[in-house]
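Read the structure below first, then the notes.
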Amino acid sequence: MMQQQLNQQTFSNTTTAIKRVAIYARVSTTEQAEEGYSIDEQERVLREWCDKQGHEVYEVYADRGISGKSIRNRPALKQLIEDANKRLFDIVLVWKTNRLARNVLDVLKVHEIFDRNYIAFRSFTENHETETSNGRLQFQMLAVIAEFERNAISENVKMGMLARA
C-alpha cells in the first residue's frame, strides 16, 4: 500500500512538474515587413503562452534578420542546439515551424537532436506537438511547406529583379 502511494506521488510529481522552455525566434527583414511580426512580439506571445501553461522560460534564443534558408550562419540556433545537447530545457517553442528553418533537412536534423535529448517541440500558431505519430506527420508536412514557401519567395524576388533590369 505504501509503495503504491509512493508510486502515485512520483507519477503525479513528474506529470505536473514545471517545464523549462527554450524560446526560439527569428525574422529576416523581408518576412518582418511582410508578416509584421517582430522578434519582440514573438517573444512576448511565447512568454505569455509559457505563463499560461505554468512553464518557466529557460532562455530566449533570437536570430535577427537572418534567412531561414540554412542553419549555418545562425548563432542563436547553434547555441540552442548546443544547449539541447546538454539537456538544459524540456521544450523548444517557436512562433511558427518555419522560424526554426525553411529547409526540410535542416528542420528534421534539428528535431532529431531535440528528440534524442527528450526535448519536445511546439509551434504556437500551428498548435502541434511531436510526441505522437499525428503530431510528427503534421510537423513534417509543415517543414515541407516552409521550404516550398522559401523557394516561391526566391523565385518571385528573382523575377522582380529581372523585370527591373
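Key figures
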| quantity | calculated |
| --- | --- |
| Gain upon complete extension [N117, S133; 0.36 nm per residue less C-alpha separation] | 3.9 nm |
| Using a Förster distance of 35 Å, the FRET efficiency for I145-D40 (Cβ separation, nearest 0.05) | 0.85 |
| Members of K52/K78; K19/K109; K86/K109; K69/K109 lying beyond 19 Å, as alpha-carbon distances in this model show | K52/K78; K19/K109 |
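Read-outs throughout are calculated quantities, based only on the coordinates presented, and are distinct from any laboratory measurement. Since the model is a prediction, treat every value here as computed from it, not as a measurement. Cβ sites come from the backbone with ideal geometry, for glycine too, and all protein chains shown count toward neighbours.
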